[in-house]
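Undergrad: The following block contains the structure, expressed as structure tokens.
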Amino acid sequence: MPTTIHRVHNFSAGPAVLPVPVLEEIQRDLIALPAAGMSILEISHRSKTFESILAQAEADIRALAGIPASYRVLFLQGGASLQFSMVPMNLLSPGATADYIDSGSWAEKAIKEAKRVGTVHVAATTKADSYTRVPAQSELTLTPGAAYVHMTSNNTIEGTQCRDLPDVGSVPLVSDTSSDMFSRPIDVPRHALIYAGAQKNMGPAGVTVVIIRAELLERSQKTLPTMLNYAVHAENGSLYNTPPAFAVYALGLVMKWLRAQGGLDAIARANERKAAKLYAEIDRTGFYRGTAQKNSRSLMNVTFRLPSEDLESQFVREATAAGLDGLKGHRSVGGMRASIYNAFPETGIDALVQFMQQFERTHG
Ligand SMILES: *Cc1c(COP(=O)(O)O)cnc(C)c1O
């Protein structure tokens, strides 16, 4: 990258930092994809070039996560938020109950949408603890024969993450993995459906990845609006209508980058190292205070507070001026949030730790 280009450390929760080699490739090929002589922004989604971009993105996702042939990979639009509706519309039949694990603000939104569609049972909630931890297995009150159990693997706003998948027996497990997809190995066969908006850990905004066990597609009723029907998107290879071609292309490049990093085991080790450095600094003196309970701490979104809200505003102001951008916590919870997804470089963690030490020395 030319030295005249200045990039800050981007701690944004999403859209979020992308790997520089991916941005460079996009920049290099933006005017014309070598194979096509035209831009990805201009190309027909029915062209051979785009068909192969889509197929390659799917192949790389499958290889990365070890997705069995009995699962379909769909590229949809509407963000993870539309999945809050599509999941119950497709999987929750009249008379059946869906169990939801309420572990944070996004889970709450998923519950709200599911209730518009059918019967919802909240199998556990940590709202009374301000969502500072994820529910334990022993707290789950599961409905026998439920249509599915819905969980949120990483709670982006509160900075908590599930270490282990819940044991839900033979009931299909549906997981919103929007903020930790491909940050660590994922046990696909234990899930019936996995979904994630791309813009946190997989690419730019505009595409949502849905990985669904093929047999579940039989539940999608023909009376559903066509665009909200998983079976329609599966039958048409995610090309029922115009897909977000640029977002799929960029996501494909990120998947290739992830494979070049050594895959999910390697990226998980890097993510653990990065998060451990930051939590060590938070725990060092007591000036900073991690908001998530220790055994629920997220490796993706690190949330912490300072001794006062005045100091927090000052911290954000000075950090931004020092090239550490996006550290202000979600407006609903306040405090700080450092989002440190796959593409966030370890040098950025070092810069933040150094800044935190200096801030504590001058304001502590
Ligand atoms: C960001 C986020 C969403 C919402 O994603 P959109 O793509 O903006 O709809 C849902 N769930 C989780 C866990 C998220 O982090």
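Per-residue answers, yes or no, for (1) more than 28 Å from V122 (Cα to Cα); (2) buried (at least 16 other Cβ atoms within 10 Å of the Cβ):
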position: L33; (1), (2): yes, yes
position: F50; (1), (2): yes, yes
position: A55; (1), (2): yes, no
position: I67; (1), (2): yes, yes
position: Y100; (1), (2): no, yes
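Undergrad: Let me ask something else about it. Do you know which residues across the range 11-31 are within 25 Å of the chain's Cα centre (by Cα), surrounded by 14 or more Cβ atoms within 10 Å (Cβ to Cβ) and in a helix (DSSP H, G or I)?
TA: Looking only at the range 11-31, we keep the residues that are within 25 Å of the chain's Cα centre (by Cα), and these are 11-27.
From what's left, surrounded by 14 or more Cβ atoms within 10 Å (Cβ to Cβ): 11-23, 25-26.
Answer for the range 11-31, where residues must be within 25 Å of the chain's Cα centre (by Cα), surrounded by 14 or more Cβ atoms within 10 Å (Cβ to Cβ) and in a helix (DSSP H, G or I): V20, P21, V22, L23, E25, I26.
Undergrad: Please count how many residues of the range 104-134 are closer than 24 Å to G159 by Cβ and either in contact with an Asp or Glu (Cβ under 8 Å, 6 or more places away or on another chain) or of a type in the set (F, W, Y) (or both).
TA: 16
Undergrad: Right, next: Return the residues of the range 294-340 that are free of Cβ contacts under 8 Å to residues at least 24 places away in the same chain and among the polar types (S, T, N, Q); say none if nothing qualifies.
TA: Those that are free of Cβ contacts under 8 Å to residues at least 24 places away in the same chain and among the polar types (S, T, N, Q): S308, S313, T320.
Undergrad: Select from the range 95-104 the residues that are β-branched (V, I, T) and within 16 Å of the ligand (Cβ to nearest atom) and list them in ascending order.
TA: Applying the first criterion (β-branched (V, I, T)) to the range 95-104 yields 97, 101.
Within the range 95-104, I101 is the sole residue that qualifies.
Undergrad: Another question, if that's okay. Report the residue count in the range 146-200 for those that are under 20 Å from L91 (Cβ atoms), more than 11 Å from the ligand (Cβ to nearest atom), assigned to a loop (DSSP other than H, G, I, E, B) and among the hydrophobic types (A, V, I, L, M, F, W, C).
TA: Final tally of qualifying residues: 7.
Undergrad: Right, next: How many residues are within 16 Å of the ligand (Cβ to nearest atom), β-branched (V, I, T) and outside any helix (DSSP H, G or I) when one looks only at the range 57-94?
TA: The qualifying residues number 0.
Undergrad: Mind listing whichever residues of the range 325-342 are part of a loop (DSSP other than H, G, I, E, B) and touching a Phe, Trp or Tyr at 6+ places or on another chain (Cβ under 8 Å)? First the steps, then the outcome.
TA: Just the residues of the range 325-342 that are part of a loop (DSSP other than H, G, I, E, B), to begin with: 326-327, 329-335, 340-342.
Matches in the range 325-342: G326, L327, G335, I340, N342.
Undergrad: G203 - would you say it is touching a Gly at 6+ places or on another chain (Cβ under 9 Å), buried (at least 16 other Cβ atoms within 10 Å of the Cβ) and either touching a residue at least 60 places away in the same chain (Cβ under 8 Å) or under 30 Å from R28 (Cβ atoms) (or both)? Can you show your working first?
TA: Values: touching a Gly at 6+ places or on another chain (Cβ under 9 Å): yes; buried (at least 16 other Cβ atoms within 10 Å of the Cβ): yes; either touching a residue at least 60 places away in the same chain (Cβ under 8 Å) or under 30 Å from R28 (Cβ atoms) (or both): yes.
So G203 fits the description; yes.
Undergrad: Here's a check for you: in the range 206-228, which residue that is touching a Gly at 6+ places or on another chain (Cβ under 9 Å) and outside any helix (DSSP H, G or I) is nearest to the ligand (Cβ to nearest atom)?
TA: Ranking the candidates gives T208 first.
Undergrad: Moving to a separate point now. Using the structure shown, decide if H9 is outside the structural domain of T223 (by TED's automatic domain parsing), away from the ligand (no atom under 16 Å from the Cβ) and touching a residue at least 24 places away in the same chain (Cβ under 8 Å). Working first, answer last.
TA: Values: outside the structural domain of T223 (by TED's automatic domain parsing): yes; away from the ligand (no atom under 16 Å from the Cβ): yes; touching a residue at least 24 places away in the same chain (Cβ under 8 Å): yes.
In short, yes.
Undergrad: Also, I was wondering about something else. Which residues, counting only those in the range 122-145, are part of a loop (DSSP other than H, G, I, E, B) and either among the basic types (K, R) or within 16 Å of the ligand (Cβ to nearest atom) (or both)? Steps first, please.
TA: Going residue by residue through the range 122-145, those that are part of a loop (DSSP other than H, G, I, E, B) are 126, 130-136, 140-145.
Matches in the range 122-145: T126, Y131, R133, V134, P135.
Undergrad: Tally time: how many residues in the range 278-335 are surrounded by fewer than 18 Cβ atoms within 10 Å (Cβ to Cβ), basic (K, R) and in contact with a strand residue (DSSP E or B) (Cβ under 7 Å, 6 or more places away or on another chain)?
TA: Counting residues in the range 278-335 that are surrounded by fewer than 18 Cβ atoms within 10 Å (Cβ to Cβ), basic (K, R) and in contact with a strand residue (DSSP E or B) (Cβ under 7 Å, 6 or more places away or on another chain) gives 1.
Undergrad: Any idea which residue in the range 333-364 is nearest to S105 (Cα to Cα), counting only those that are within 19 Å of the chain's Cα centre (by Cα) and not hydrophobic (A, V, I, L, M, F, W, C)?
TA: Once the filter is applied, the top-ranked residue is R337.
Undergrad: Please pick out the residue among R116, R72, R62, R133 that is surrounded by fewer than 19 Cβ atoms within 10 Å (Cβ to Cβ), closer than 20 Å to E235 by Cβ and charged (D, E, K, R).
TA: Details: R116 fails: closer than 20 Å to E235 by Cβ; R72 fails: surrounded by fewer than 19 Cβ atoms within 10 Å (Cβ to Cβ); R133 fails: closer than 20 Å to E235 by Cβ.
After ruling out the rest, the residue left standing is R62.
Undergrad: Restricting attention to the range 70-88, report how many residues are among the small types (G, A, S), over 23 Å from H45 (Cβ atoms) and in contact with a strand residue (DSSP E or B) (Cβ under 7 Å, 6 or more places away or on another chain).
TA: Narrowing the range 70-88 to residues among the small types (G, A, S): 70, 78-81, 85.
Okay, now just the ones that are also over 23 Å from H45 (Cβ atoms), so 70, 81, 85.
Then keep just the ones that are in contact with a strand residue (DSSP E or B) (Cβ under 7 Å, 6 or more places away or on another chain); that gives 70.
Selection size over the range 70-88: 1.
Undergrad: What number of residues within the range 95-107 are assigned to a loop (DSSP other than H, G, I, E, B) and farther than 16 Å from L216 by Cα? Spell out how you get there, then give the answer.
TA: As a first pass, look at the range 95-107 and keep what is assigned to a loop (DSSP other than H, G, I, E, B): 95-96, 103-104.
Then drop every residue that is not farther than 16 Å from L216 by Cα, which leaves 95, 103-104.
Summing the residues that are assigned to a loop (DSSP other than H, G, I, E, B) and farther than 16 Å from L216 by Cα in the range 95-107 gives 3.
Undergrad: Would you confirm whether any residue within the range 345-359 is in a loop (DSSP other than H, G, I, E, B), closer than 16 Å to A13 by Cα, of a type outside the set (A, V, I, L, M, F, W, C) and not assigned by TED's automatic domain parsing to the domain that holds T126? Lay out the reasoning, then the answer.
TA: Restricting attention to the range 345-359, the residues satisfying the condition of being in a loop (DSSP other than H, G, I, E, B) are 345.
From what's left, closer than 16 Å to A13 by Cα: 345.
Remaining after also requiring of a type outside the set (A, V, I, L, M, F, W, C): 345.
Narrowing further to those that are not assigned by TED's automatic domain parsing to the domain that holds T126: 345.
Checking the range 345-359: at least one residue is in a loop (DSSP other than H, G, I, E, B), closer than 16 Å to A13 by Cα, of a type outside the set (A, V, I, L, M, F, W, C) and not assigned by TED's automatic domain parsing to the domain that holds T126.
The values are calculated or read from the model by the stated rules, or taken from the named source; none is laboratory data. From a predicted model like this one, the values you see are computed outputs, not experimental measurements. Virtual Cβ from ideal backbone geometry, glycine too; neighbours counted across all protein chains shown.
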